[in-house]
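*Asks:* To start, I am sharing the structure in question, which I have written as structure tokens.
The values are calculated or read from the model by the stated rules, or taken from the named source; none is laboratory data. Just so we're clear, the structure is a prediction, and the values are computed from it rather than from any experiment. FYI the Cβ positions are ideal-geometry reconstructions off the backbone, even for glycines, and counts take in every protein chain you see. Remember, those area values only see protein heavy atoms, side chains included, never the ligands or the DNA or RNA. Shrake-Rupley method; radii C 1.70, N 1.55, O 1.52, S 1.80 Å.
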Amino acid sequence: MAETHVLFVEDDDVIREATQLALERVGFTVTAMPDGLLGLEAFRADRPDIALLDVMVPGLDGVSLCRRIRDESTVPVIMLSARADSIDVVLGLEAGADDYVTKPFDGAVLVARIRAVLRRFGHAAGPEGTGQGGTEGETEGLGGVLVFGDLEVDTDGMEVRRGGEQVALTPTEMRLLLEFSSAPGTVLSRDKLLERVWDYGWGGDTRVVDVHVQRLRTKIGQDRIETVRGFGYKLRG
């Protein structure tokens with residue numbers, strides 16, 4: 001089994017070296033860079049399986065680097081932020097990041113989050129992981145093309161079309177849409193979506209859900225996903 005290749009961009013020498021050692025200790029291959037411009041070069045040269053980007057790095061900040069990566073690839077991205085309440089968290093998610101981790105972080109927690117993201121994207125989760133991911137849970141067993149107005153969701157080909165035109169979704173956005181498509185008209189709570197889409201058995205920040213729902217709306221139609229205040233979201237049939 002090929003080792004998972006992690007791109008890690010962090011300007012703090014101590015954090016960068018310690019985190020690299022912690023990730024390599026559990027079997028990941030790590031390319032560590034001290035600034036965003038070098039990080040972008042390394043991404044283009046190495047095409048890693050996942051990118052860990054600190055928000056505040058010189059040269060090209062983490063949010064801008066995430067946008068550049070997302071313009072070229074759907075590779076999973078985790079942002080690292082020093083403050084849980086920072087606007088940078090939301091900016092990173094809006095730029096296309098799939099998740100974020102707040103610093104200072106425990107190495108075991110970071111490894112668990114990386115493996116959870118990799119499972120969602122169908123990658124091996126490292127030597128200690130649980131193997132292949134994909135569309136798990138409630139989305140298993142779906143087949144064919146589901147139609148919701150002008151929206152078509154091909155659950156076999158993993159493609160989405162709106163008005164006959166193909167819509168480009170990231171794997172996380174696709175998993176989110178599959179959850180809604182599996183139960184149109186049913187309200188799904190943010191906690192339930194965190195559990196099913198983000199593989200959070202321990203809870204998580206619901207801002208991750210809110211930002212991804214908004215990103216999904218911009219691609220499939222603002223009115224297609226309805227907010228049910230105080231409860232969650234549902235897909236209009």
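*Asks:* Ignoring ligands, DNA and RNA, what accessible area per residue does the chain give at 1.4 Å, in Å²?
*Replies:* 44 Å²
*Asks:* With a point put 7 Å past each Cα toward its Cβ, work out how far Ala183 is from Lys219 in nm, to one decimal.
*Replies:* A separation of 2.2 nm, rounded to one decimal place.
*Asks:* Which of these, Ala97, Ala42, Ala18, has the largest mean-square fluctuation under a Gaussian network model of the chain (Cα springs below 10 Å)?
*Replies:* Ala18
*Asks:* On to the next question. Can you check how the C-alpha radius of gyration of region 28-121 compares to 2.2 N^0.38 Å, as a plain ratio?
*Replies:* Values: Rg = 12.1 Å, N = 94, 2.2 N^0.38 = 12.4 Å.
Relative to the rule-of-thumb radius for its length, region 28-121 sits at 0.98.
*Asks:* Under a Cβ-only charge scheme (Lys and Arg +1, Asp and Glu -1), can you give me the dipole magnitude of the chain about the Cα centre, in debye to the nearest 20?
*Replies:* It works out to roughly 660 debye.
*Asks:* Mind listing P(r) for the chain? All alpha-carbon pairs, 10 Å bins, whole percents.
*Replies:* 8, 33, 36, 19, 5, 0
*Asks:* Kindly state, to the nearest 0.05, the FRET efficiency for Arg44 paired with Val145, given R0 = 30 Å and r defined as their beta-carbon distance.
*Replies:* 0.25
*Asks:* Test of understanding: in a Gaussian network model of the chain with alpha carbons linked when under 10 Å, which of Leu52, Leu188, Leu80 would top the mean-square fluctuation ranking?
*Replies:* Of Leu52, Leu188, Leu80, the Gaussian network model singles out Leu188 as fluctuating most.
*Asks:* Further question on the same structure: With a 1.4 Å probe and all protein chains left in place, how much of the accessible area of the chain comes from carbon and sulfur atoms, in whole percent?
*Replies:* The C+S portion of the solvent-accessible surface of the chain is 48 percent.
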